[in-house]
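What follows is a short report on a single structure.
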Amino acid sequence: MVKWDRTAFLIGAAAGAAAAILIQKQTSKSMNIPPEKVLKKVKETFKQNGPVDGSWIQMKPEQIDNNGFPVIVYKGGISRPGDSGNTQFEFSADAKTGTLLNVQPV
């Protein structure tokens, strides 16, 4: 029969816990923000310059080229009331940070 050495067990348990924490941190860094949260952040940015009438976002992120660097983004749109009806905008937002990368009128 093998005798359990308490010190060896505690060292093994501590190493396992440390590895689990490290893996969890690395995994959470590589995950994307949910698209609903990104859309909320983009709408808040737009609302700083006036009201927002409608909005949408693609649920599946895609990779684009941003100044020679590949970036995973969510694409979407915002409509804003204007003098001659609604003005439509398309945007790209970083899927990891929610930062607005590109906005262009449609």
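The values are calculated or read from the model by the stated rules, or taken from the named source; none is laboratory data. Since the structure is predicted, the reported quantities are computational estimates derived from the model, not experimental observations. These accessible areas exclude ligands, DNA and RNA; they are computed on the full protein's heavy atoms, side chains included. Shrake-Rupley method; radii C 1.70, N 1.55, O 1.52, S 1.80 Å.
So what's Rg/Rh here for the chain, counting alpha carbon atoms and using the Kirkwood radius for Rh?
1.34
Number of Lys-Lys pairs in the chain under 22 Å by Cα, sequence gap 8 or more or different chains?
26
So what is the relative contact order for the chain, in percent, with contacts set as C-alpha pairs under 8 Å and at least six apart?
Relative CO of the chain lands at 22 percent.
Take the solvent-accessible surface of the protein heavy atoms, probe 1.4 Å, and return the percent of it on the chain that carbon and sulfur atoms account for.
58 percent
Given the -39500 (n - 2.57) contribution per DSSP H run of 4+ residues, what per-residue ellipticity at 222 nm results for the chain, rounded to the nearest 500 deg cm²/dmol?
Using -39500 (n - 2.57) per qualifying helix, the result is -12000 deg cm²/dmol.
Would you kindly derive the ³J(HN,Hα) couplings of the range 11-19 from the backbone phi angles with the Karplus curve 6.51 cos²θ - 1.76 cosθ + 1.60 (θ = phi - 60°), listing them in order in whole Hz, with x for Gly and Pro?
These are the phi-based 3J(HN,Hα) values: 5, x, 5, 5, 5, x, 5, 5, 5 Hz.
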